[in-house]
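**Student:** Supplied in structure tokens, the structure appears directly below.
The numbers here are math on the coordinates, done by the rules we state, and not lab data. Being a predicted model, the structure only gives us computed values, none of them experimental. Virtual Cβ from ideal backbone geometry, glycine too; neighbours counted across all protein chains shown.
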Amino acid sequence: MVASNADELECDDKTKIENLKGFDVAYEFNSPYDLGRDYLGDNNAYQDNKVSAISAECGSIVFDGSNGLHIPLSETFESSSFVVEVRFMPTKAGNMANIFVAEPPGSNKDGWQLRLDGSDIYFHIRDVEIRDTWEEMKVGAVSMDEWHVVRIRFFPTMSAVTKKTVYSLNVALDGKTRIATEIKSKMDIEYGLGIGYDSMYQDLHARRFFTGKIDYIRYGRMAEGK
């Protein structure tokens, strides 16, 4: 995918694959002529032709509140345990603004969402075997026009109390743990993912656009107990 302003930029792609250990997918957004490239595999992200074209800066992708990228579903994203890390800069407060989401259409499918609401980051998760509504957790406030890093880990572990398998959720913002909890949810992802918008075109679609920049998005499957 070529950025709309690619011919105006002269960028050096300095990505070092060895720095991506522990991840299976890496969107580094370092090449304006190949903006949706997955540096670790074939899970490339694509421009949605139904929304505005996307521009870039050297080293980051720029969202203007009217565009986004779609990622087709693959076996990699079907993992029930995962780690996600995103470095982003919001330039406008959000209103259900999707940063990186596995958000299914309707209310009868599993999914998760990393969102900006106002100046607060939220992580939403839903397992329809347990509930048909989203479990919404506030991660913390972020500053506009500044870079932030959020890291999410969701993985199975053995409960010390019940001796049954539960899922641990750990979310850190700018290096500080903000959420550390055990939940019963288990993910069964059946639809593609979205970056910067609602790729499923649901109700309130127009509210779900992110305005800002993303330096990178990295995703990895996690083994039990990690």
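**Student:** Which listed residue (25, 217, 112) has the Cα farthest towards the positive end of the charge dipole for region 22-221, taking +1 on Lys and Arg C-beta and -1 on Asp and Glu C-beta about the Cα centre?
**Tutor:** Projecting each Cα onto the dipole axis, the largest value belongs to 112.
**Student:** Run the numbers on region 22-221 and let me know its relative contact order in percent, using alpha-carbon pairs under 8 Å that are six or more apart. Display every interim value, and only then the final one.
**Tutor:** Values: 544 pairs, mean separation 63.2, N = 200.
Computed over region 22-221, the figure is 32 percent.
**Student:** Exactly which GluC sites (Glu not before Pro) in region 89-142 are in a DSSP loop and have at most 13 other Cβ atoms within 10 Å? Present the calculation step by step, with values, prior to reporting the outcome.
**Tutor:** On the way: sites: 129, 135, 136; in loops: 129.
For GluC sites (Glu not before Pro) across region 89-142 that sit outside H, G, I, E and B with at most 13 neighbouring Cβ atoms in 10 Å, the list reads 129.
**Student:** Give me Rg over Rh for the chain, both radii from the alpha carbons and Rh done the Kirkwood way, two decimal places.
**Tutor:** 0.95
**Student:** Of all trypsin sites (Lys or Arg not before Pro) in region 108-182, which ones are in loop regions per DSSP and have a Cβ with at most 13 other Cβ atoms within 10 Å?
**Tutor:** Details: sites: 109, 115, 126, 131, 138, 151, 153, 163, 164, 176, 178; in loops: 109, 131, 163, 164.
Sparse-neighbourhood loop trypsin sites (Lys or Arg not before Pro): 131, 163, 164.
**Student:** Using the beta-carbon distance between residue 143 and residue 164 and R0 = 41 Å, what value does 1/(1 + (r/R0)^6) give for FRET efficiency, to the nearest 0.05? Please list the in-between numbers first.
**Tutor:** Numbers: r = 41 Å, r/R0 = 0.99.
It comes to 0.50.
**Student:** Turning to a different aspect of this structure: Going by the alpha-carbon gyration tensor, a ≥ b ≥ c the square roots of its eigenvalues, is region 1-124 rounded (a/c under 1.5) or, if a/c is not under 1.5, prolate (a/b greater than b/c) versus oblate? Could you put the intermediate results ahead of the total?
**Tutor:** On the way: a/c = 1.61, a/b = 1.20, b/c = 1.34.
The shape class here is oblate.
**Student:** List the residues whose amide H sits under 5 Å from the amide H of residue 99, counting only those 5 or more places along or on another chain, with H placed 1.01 Å from N in the peptide plane.
**Tutor:** Counting only residues 5 or more places away or on other chains, the set is 114, 115, 116, 196.
**Student:** Sticking with this one: Rounded, prolate or oblate: which fits region 108-226, taking a ≥ b ≥ c as square roots of the Cα gyration tensor eigenvalues, rounded meaning a/c under 1.5, else prolate when a/b beats b/c?
**Tutor:** Numbers: a/c = 1.96, a/b = 1.33, b/c = 1.47.
It is oblate, given that a/c is not under 1.5 and a/b is not larger than b/c.
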